[in-house]
Each structure stands twice: as structure tokens, then as C-alpha cells.
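Here's the structure, in C-alpha cells; my notes come after.
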Amino acid sequence: MSLSARRELLEHYRSEYASSTRSQKSKILTAICESTGWNRKYAISELRGEPRVHRRTTRKRKSLYGPNEEAALVKVWKLSGFLASKRLAPFLPEFLDTLQRHNELTLPKLVDERLRKISASSIDRLLRRHRSSHPRSPSFTKQGPLKRQVALRRGTDWDDAKPGYCEVDTVAHSGGDMSGDFYWTLSVTDVCTGWYEGAALRSKSQSETLRHIQSIRARLPFELLGIDSDNGGEFMNYHLLKFCQDEKIVFTRCRPYVKNDQCRVEQKNNSIVRRNTGYGRYDRAEQFKLLTEIHGILRLLVNYFEPSLKGKEKAATPYRRLLQTKTLTEPKLQELEDIYKILNPVKLREQLNRAKLKLYELNSLVEFVEQQQEHG
């Protein structure tokens, strides 16, 4: 008889045993001992005792990571721009090498060895009390009139084995008020590698958008093969259509109101643009200069030092994914490698934070002046 069955039998007779006569108790004891094989004295003690409460005990495994590892991880996490655990874990060895190469971080040997082997789940446990959330961004897309001439594309239609097919979108810096003029951000994301390019727009006009798409195309490390946009008027126009036709660039659009068709660039809008420029209203010349500076820094940080996830693949930076495609010429490979070795992610992050702080301070000052004018 199993232990659980013995316990059930014991509980069945417990109340009856307590209220029985001497001869009845003897019969109950005989029945229990024959069924369980217990000694009569042991059975008597069990029947007279309190019912047992089963407590499930779990053995805690001793943690490999103590306060030193946690403090070092928090510092590295902040220097990485607060990367998610699944993006940070596979990137940690390379990132630690980069930080040490530029003398930005010195760790004890044991701490360094443990951080290089740490898993994403362990990172989550150590960073649980250090995390903070970020707000979502609103959408201000208006449909353009040229939809019939631009083919529809679903999010899975493009073969992402070759770099050059990009999703594009715009982000409004309106502060939630769409009246008047304000600046925008143009986001471009390569489907294959996750390579990101951003540019500040003075307006969402057709000519302004096309001009910056041409500028981004010129600085991409690979050939621009395709553009996929939403149905906004800044993209659905004859200027961009003619440009794509003349340059033999595939031009497609997503299905209306299906965000997942442009999931890659939509994700970048939140994790890169909103995270670094906020939700304020930007419509001053000084703010435009700062937005342009921020985007110039972000393209280096994001592409060389911020790994991203892609399906079931291990997280990798756009730079590493681009090298893995083996589509670049030797001169271009050497050019990218030279840039990578020169870049110091900590210095770039400091420059970015200074520009962000100036942008936020300027925005707060503008809001304060406007409030004073309203009440004055």
C-alpha cells in the first residue's frame, strides 16, 4: 500500500476511533495494522495525533550570481541602453570586449567570467527590481490617394534572406496636438538584418520625405532593393512611385489597419524613436537640430551595439547580421570594420544622453513660456 493510501485510511478511521469503545478500537487497530503493516503502538499514536498537513518542500539551488555580479550587470545593462535580456545575453561577451577595449569597464576576473556565461532568465532575475516601463506611442497616419498603383504586401511576403528590402514609416513629434506645424521622424528598417536609419523631417510633405529617403539610401551599406510603407500620403504619391520605378526599387504597401504587416519598423518606432525622443511637441529650429543629432548617434549605437531578435534566431546586432549575409564587397566590409573598431559605445551613449537632456529641457522651457503667455 502506498504512503498516500495509508494516510487516507488513517484519516478515514480517525474520528471513528476517537468515539469508539475499547473493543471497537481494538478491531479498528487490527484492520489498520493488517492493511498497512504498521505496529499497533505506532498506529495508536497516529490515530490519537493531529492530522498531518502535507507540505511540499522545494530545495533552493544556490545562486551563482551574488551582489558583485548584480552590480556589474546593472552597470553593463545601463551602458547597453537597457537592452532586454534575450537581446543582451548573447551580446554580452562581445559588448564586454568592446567596453574593455575602450577602458570603459574593469571587472574582477570571476565576475567577468560569470557574466559571459549568464543566461537571459538569470539576467531577468537579477534586473527584476531595476526595470522600468515605457509608454506607447499614438498613430497619426492618414491614407494617401495612390493606393491602387502600389501593390499590397503582407508582413511575411518578402524573402528576408537578402538585405535591401526595407520597411519605412513616420513618427509624429506633435505632443498629442496635431494642429499647426511640427517635426517628424522618418524610420527605415531593413527586414533581413534589422539595420536602422532615422532622419528628422521638417514636415511630412511628399518632397521632404522623398529627399530623406534618397539621403538614407546613399548612406546604407547595402543596395536599397525594396520599400514597403503604410498608406500615408507622404508615401502614397507619384514622386516616390516614379523614383522607385526609375531606380528599379520594389515599392509595396501594407494592408490598411494591419500593424503586423509593418511589425519591424513599428517596433523600432517605439524602442528607438519614442524611447529616445519622448512624446513632446517639437516645432522649434533648436529642437530640429537636436533631433538630427540624436538620429545621427542612434544609427551608430543601434546598428553596431544593440542586438535585436529575429524569429527563433539568437539575438544579434544588425552589423553582425549584415556580415553573416556575405553580400558585401571587401572594401565595404573593411569600411564597416574600421568604423566598428573606432566607435566607443559609452561615449556615444553619453553624447546621446546630453542631446536628449537638451531636447527635454528645451521642450520644458517652451511649455513653461506658453503657459505663462496663456495666463499673462
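Quick notes on this structure:
- Counting only residues at least eight positions apart within a chain, or on another chain, the lysines with an alpha carbon under 17 Å from that of LYS109 are LYS75, LYS117.
- Using C-alpha pairs under 8 Å with a sequence gap of at least 6, the mean separation divided by the residue count of the range 147-375 gives a relative contact order of 23 percent.
- The packing ranking, built from the mean of other Cβ atoms within 10 Å per residue, places the peptides 162-173, 284-295, 213-224, 103-114 in the order 162-173, 284-295, 213-224, 103-114, highest first.
- Sorted largest first, extent of the range 296-371 alpha carbons per principal axis (Å): 56, 30, 19
- Each helix, a run of at least 4 DSSP H residues, gives -39500 (n - 2.57); summed and divided by the residues of the chain, these come to -15500 deg cm²/dmol at 222 nm.
- Note that the range 341-350 has calculated 3J(HN,Hα) couplings of 5, 6, 5, 10, x, 5, 5, 4, 5, 5 Hz, one per residue in order, obtained from phi through the Karplus relation 6.51 cos²θ - 1.76 cosθ + 1.60 (θ = phi - 60°); glycine and proline are x.
- Rounded if a/c under 1.5, otherwise prolate or oblate - the range 147-375, Cα gyration tensor axes: oblate
- When the listed pairs LYS268/LYS310; LYS289/LYS358; LYS86/LYS314; LYS62/LYS314; LYS310/LYS356 are checked against a 18 Å cut-off, the alpha-carbon distance exceeds it for LYS62/LYS314; LYS310/LYS356.
- Stokes-Einstein D for the range 3-48, Kirkwood Rh over Cα pairs, 25 °C, 0.890 mPa s (µm²/s): 237
- Distance between the modelled labels on ASN353 and ALA285, one decimal in nanometres: 3.1 nm (7 Å Cα→Cβ projection).
- Fewest-first ordering of LEU348, LEU201 by other beta carbons within 10 Å of each residue's beta carbon gives LEU348, LEU201.
- Approximating the spin labels as points 7 Å out from Cα along Cα→Cβ, the ASP181-to-ARG125 distance works out to 5.7 nm.
- Under 20 Å from LYS248, Cα to Cα: lysines that are on another chain or at least 8 residues apart: LYS147, LYS162
Coordinate-derived values only; no laboratory data. On a predicted model such as this, the values are computed, not experimentally measured, just so you know. Note that we place each Cβ from the backbone using ideal geometry, even for glycine, and neighbour counts take in every protein chain shown.
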